[in-house]
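The values are calculated or read from the model by the stated rules, or taken from the named source; none is laboratory data. Given the structure is predicted, the values throughout are model-derived calculations rather than measurements. Every residue, glycine as well, gets a Cβ built from its backbone with ideal geometry; the counts of neighbours run over all protein chains shown. Heavy atoms of the whole protein, side chains included, go into the accessibility calculation; ligands, DNA and RNA do not. Shrake-Rupley method; radii C 1.70, N 1.55, O 1.52, S 1.80 Å.
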Amino acid sequence: MQISTQQFYTSNQRNFKALTTTADILQTQISTGKKLNAASDDPVGYRRLQGLIRDGSNDQAYAGNITIVQSALSQADTTLKSVTDNIQRAKELAVKANSGTLSASDRGIIADELDSILKSLVDLANTKDSRGASIFAAGDSPAVVDNGNGTFTFATSGPTAIPIGDSSSAAPGEAASRLFVDSGGGNILSDISTLSAALRGTGDPSAIAGSIGDKLTASNNQIAGVQGSLGARSQRVDIESTRITDAATDREVTRQSIEDVDVTQAITDLQKTMTILSAAQSSFSKLSGLSLFNYLK
């Protein structure tokens, strides 16, 4: 087979260009530490890398939401413990009030403490989370409003659920009505207020105190049920948090396999490429200087 002078030069130019391009790519990889610096380097790998970046960004947003929900649920649990303690104390006072031997002064002291408990319960119910949002109501609206006449208005909707995953969300609290309104529509705050008023001379305190004890016990049982529900929700959020952490670890391993370069291997490959390029250039230089006269010599 005969090779023309033009073919000889064209073939060597292509070879030099390919070797130079390979050397440039290896030098870029060594300097950046990445084997994927542009989509053209590996279109399939580049698309996978962009998908990993997108998924990582989404999970970072979910992780931020999870932190908010975890904090709010923890705050709700602590708050409900205080609510339970206050209701338990109200029950103890109701037992104490159910006595015909109390003096007017004693009844007044109990009434004052019941009023203090009522205020505490309202304040606890209106607790805000780190965002300034209500834990026991939607948005920043109050969970409980004291109407000033012994009646109270309760939020019937809890906080809006927050996304914590692609197909998962969790509400960072509960509606106040689930805490204080019983199945019959009555509420424990009004009962405590009624007992306080009776101790101050409006009604029969013994009769009211006797009936309110069971209601207070039922109220605490109801709140315990809400605590259990929030606890189960918190566990689910924790599981989602663990999933996001594990997914981030898996994504990083995959990213490294697609994007990161083995610098030691790249340096070795560069040295080989430069050796081949140097040898090819030397060989081309010698061959291109030959003539028929040189050959005949």
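Structure summary
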| quantity | calculated |
| --- | --- |
| Whichever residue in the range 151-169 is polar (S, T, N, Q), open to solvent by 50 Å² or more (accessible area, probe 1.4 Å) and closer than 17 Å to Ile244 by Cβ and, among such residues, is nearest to the chain's Cα centre (by Cα) | Ser169 |
| Candidates Ile239, Ile192, Ile244, Ile223, filtered to the one that is of a type in the set (A, V, I, L, M, F, W, C) and closer than 24 Å to Gly139 by Cα | Ile223 |
| Scan of the range 239-273 for residues that are open to solvent by 70 Å² or more (accessible area, probe 1.4 Å) and modelled with pLDDT of 90 or more, ordered by number | Ile239, Thr242, Arg243, Thr245, Asp246, Thr249, Asp250 |
| Elements of type strands (runs of 3 or more DSSP E) contained in the range 92-191, each with 1 or more residues being more than 18 Å from Ala224 (Cα to Cα) and of a type in the set (Phe, Trp, Tyr) | 152-154 |
| Yes/no for Ser40 being assigned to a helix (DSSP H, G or I), among the small types (Gly, Ala, Ser), at pLDDT below 85 and over 32 Å from the mean Cα position of the chain (by Cα) | yes |
| Filter result for Ile66 (at pLDDT 70 or above, in contact with a Ser or Thr (Cβ under 6 Å, 6 or more places away or on another chain), open to solvent by less than 70 Å² (accessible area, probe 1.4 Å) and assigned to a helix (DSSP H, G or I)) | yes |
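Table: residues versus (1) open to solvent by less than 30 Å² (accessible area, probe 1.4 Å); (2) among the acidic types (Asp, Glu); (3) within 17 Å of Ile192 (Cβ to Cβ); (4) modelled with pLDDT of 95 or more.
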site: Thr78; (1), (2), (3), (4): no, no, no, yes
site: Gly100; (1), (2), (3), (4): no, no, no, no
site: Ser105; (1), (2), (3), (4): no, no, no, no
site: Asp129; (1), (2), (3), (4): yes, yes, no, no
site: Gly132; (1), (2), (3), (4): no, no, no, no
site: Asn149; (1), (2), (3), (4): no, no, yes, no
site: Ala175; (1), (2), (3), (4): yes, no, no, yes
